[in-house]
Amino acid sequence: MKITVIGSGYVGLVTGTCLAEVGNEVCCLDVDPAKIELLQAGGIPIYEPGLDDMVRRNVAAGRLHFTTDVAESVAFGDIQFIAVGTPPDEDGSADLQYVLAAARNIGRYMDGYKVVVDKSTVPVGTADKVRAALAEVLAERDAQLDYSVVSNPEFLKEGAAIEDFMKPDRIVVGAEDERAVEMMRRLYAPFQRNHERILFMDVRSAELTKYAANAMLATRISFMNELANLAETLGADIELVRRGIGSDPRIGYHFLYPGAGYGGSCFPKDVKALISSGKAHGHTLRVLDAVEAANDAQKLRLVDKAVARFGEDLSGRRFALWGLAFKPNTDDMREAPSRVIVAELTRRGAEVVAYDPVAAEEARRVMGDNPRLRFAEDMMSPLDGADALLIVTEWKMFRAPDFEAIRAALKAPVIIDGRNMYDPAWLREQGFDYLAIGR
Ligand code: UDX
């Protein structure tokens, strides 16, 4: 099939490349000429394991190409994916200007039937707006052309996006006419595994499903974070509690890890957008208000522990910080807890020397000109003479460090671990002052 993907960011690039991988012809559009030039030259603008090889392989096979030419890209695909950004507005609602601009472009240049697929995470009712935008432009052109608007939200996890796309748990498709349903069924046929993965539904339900999934997951995390904080006070171990409740299949083990708060491009944005969309329709989503407030507080939990240990005024203190990205296997710094942690530690006068195996460059870009923040090239050098080690992101390389070397380097052996990486009993036996989350 011939497919156009509008927006070559994270979601668009993964979608386009994976669809090319199974044999489709794919055209990826972006308005940013620098990004398109980079892609044409074989470079990848984001860090995602496995994506670079897959892009190169499909470009070489002639199935995948990149362009900034809107007219060409609209003419190309029978299916037009809209995968542009939906940044939060000031009030937290999703800003639809890029989605609607894409829809208008399709209307402007289409010359036959198109299936227009909303891939971006958009509030319920967006498909109607996309349909209206298309209709308006077609009316201006006085063109009688058929189109269908479909909602097909993505459920990709950064760092595992290729795997998630190629082997999906489910593919949610909101489509309301037979022609579109048939095209989407054909498009996703290569991704079916032992049993049916596509869930067809009406467009509004598909739109809401995406928010519901992310809000539910964010809720689990905030719930566990609050329980972990309580467990500390009560003298319980949240790790044991987690296993104790996860064994109930209605609860399950996934996504029950307390930590330094959730970040990333999805959870914070989608929780805010759902709250705001509720408000717009007269509903207060009380649970989600609490989920958000709990998460804001949790991002400061490591600082609270540092303050409890070293006092309110941290001037003259220096902290080694491991992990900047909002989670491992990505360089994504969006809403990363490390940003709040570094800002608060340095505001209190401390110096921070940070190490991240992948995200340092991106971190420098987003939080660069802080005179109290330095970046290290390796994980051990920040420890020299530091007052404590703070762990913010659970990169694999931090799992089994040389504790003897850590003890020798630190001023006093203090580890404040936001990801529960180590066995508390063992570390305490080794003489460490080990402050974890909920244990
Ligand atoms: C998420 C959803 O998982 C994905 O389905 C959706 O399409 C986009 O949003 P992503 O943001 O890439 O994906 O990351 P994810 O691995 O889900 O982690 C999100 C945040 O939650 C991270 O900050 C992570 O550290 C935190 N988290 C996750 C916890 O604190 N505890 C957990 O148990 C799981």
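The values are calculated or read from the model by the stated rules, or taken from the named source; none is laboratory data. Here the structure is a predicted model, which means the values were calculated and not measured. Counting neighbours? That spans all protein chains shown, and the Cβs are built from the backbone with ideal geometry, glycine included.
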The lone exception for E312 - which of (1) more than 9 Å from the ligand (Cβ to nearest atom); (2) in a loop (DSSP other than H, G, I, E, B); (3) crowded, with 22+ Cβ neighbours inside 10 Å it fails: (3)
Residue in the range 2-10 that is within 22 Å of the chain's Cα centre (by Cα) and modelled with pLDDT under 95 present: yes
Matching residues in the range 367-387 - criterion: being outside any loop (DSSP other than H, G, I, E, B) and at pLDDT 95 or above: L373, R374, F375, S381, P382, L383
Residue in the range 113-125 that is more than 16 Å from the ligand (Cβ to nearest atom), over 21 Å from the mean Cα position of the chain (by Cα) and free of Cβ contacts under 8 Å to residues at least 60 places away in the same chain present: yes
Qualifying positions in the range 12-43 - out of contact with any strand residue (DSSP E or B) (no Cβ under 8 Å at 6 or more places or on another chain), modelled with pLDDT of 95 or more and farther than 20 Å from A75 by Cβ: V14, C18, E21, V22, G23, D32, A34, K35, E37, L38
Residue in the range 157-168 that is free of Cβ contacts under 8 Å to residues at least 40 places away in the same chain, within 30 Å of R301 (Cα to Cα) and either within 15 Å of the ligand (Cβ to nearest atom) or in contact with a helix residue (DSSP H, G or I) (Cβ under 7 Å, 6 or more places away or on another chain) (or both) present: yes
Test: A354 is touching a strand residue (DSSP E or B) at 6+ places or on another chain (Cβ under 8 Å) and free of Cβ contacts under 8 Å to residues at least 60 places away in the same chain: yes
Checking G7 against (1) crowded, with 16+ Cβ neighbours inside 10 Å; (2) at negative phi; (3) not hydrophobic (A, V, I, L, M, F, W, C), the condition it does not meet: (2)
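Kindly indicate the residue of the range 247-291 that is hydrophobic (A, V, I, L, M, F, W, C) and within 9 Å of the ligand (Cβ to nearest atom) and also nearest to L324 (Cα to Cα) among those meeting that condition. Steps first, answer last, please.
Just the residues of the range 247-291 that are hydrophobic (A, V, I, L, M, F, W, C), to begin with: 251, 255-256, 260, 266-267, 271, 273-275, 280, 285, 287-288, 290-291.
Next cut, within 9 Å of the ligand (Cβ to nearest atom) only: 255-256, 260, 266-267.
Details: F255: 20, L256: 21, A260: 11, C266: 17, F267: 17 Å.
By that ranking, first place goes to A260.
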Which listed residue is out of contact with any Cys (no Cβ under 6 Å at 6 or more places or on another chain) and either more than 22 Å from G311 (Cα to Cα) or among the hydrophobic types (A, V, I, L, M, F, W, C) (or both), from P357, P371: P357
Out of A228, A189, A206, sole residue that is more than 30 Å from I3 (Cα to Cα) and either touching a residue at least 12 places away in the same chain (Cβ under 8 Å) or part of a helix (DSSP H, G or I) (or both): A228
Sole exception among (1) within 16 Å of the ligand (Cβ to nearest atom); (2) over 25 Å from P123 (Cβ atoms); (3) surrounded by fewer than 18 Cβ atoms within 10 Å (Cβ to Cβ) for R334, by number: (2)
Qualifying positions in the range 388-428 - free of Cβ contacts under 8 Å to residues at least 40 places away in the same chain, part of a helix (DSSP H, G or I) and surrounded by fewer than 13 Cβ atoms within 10 Å (Cβ to Cβ): E404, A405, A408, A425, W426, R428
Qualifying residue in the range 230-246 (condition: polar (S, T, N, Q) and within 16 Å of the ligand (Cβ to nearest atom)): no
Residue among V149, V181 that is surrounded by 21 or more Cβ atoms within 10 Å (Cβ to Cβ), away from the ligand (no atom under 11 Å from the Cβ) and over 30 Å from A325 (Cα atoms): V149
Residue among V241, V271 that is touching a helix residue (DSSP H, G or I) at 6+ places or on another chain (Cβ under 6 Å) and in contact (Cβ under 8 Å) with a residue 12 or more places away in the chain: V271
Yes/no for Y253 being touching a residue at least 40 places away in the same chain (Cβ under 8 Å) and either part of a helix (DSSP H, G or I) or farther than 25 Å from A94 by Cα (or both): no
Count of the range 209-224 residues which are among the basic types (K, R) and either free of Cβ contacts under 8 Å to residues at least 60 places away in the same chain or more than 11 Å from the ligand (Cβ to nearest atom) (or both): 1
Odd one out for G174, checked against (1) within 14 Å of the ligand (Cβ to nearest atom); (2) more than 22 Å from the chain's Cα centre (by Cα); (3) assigned by TED's automatic domain parsing to the domain that holds T121: (1)
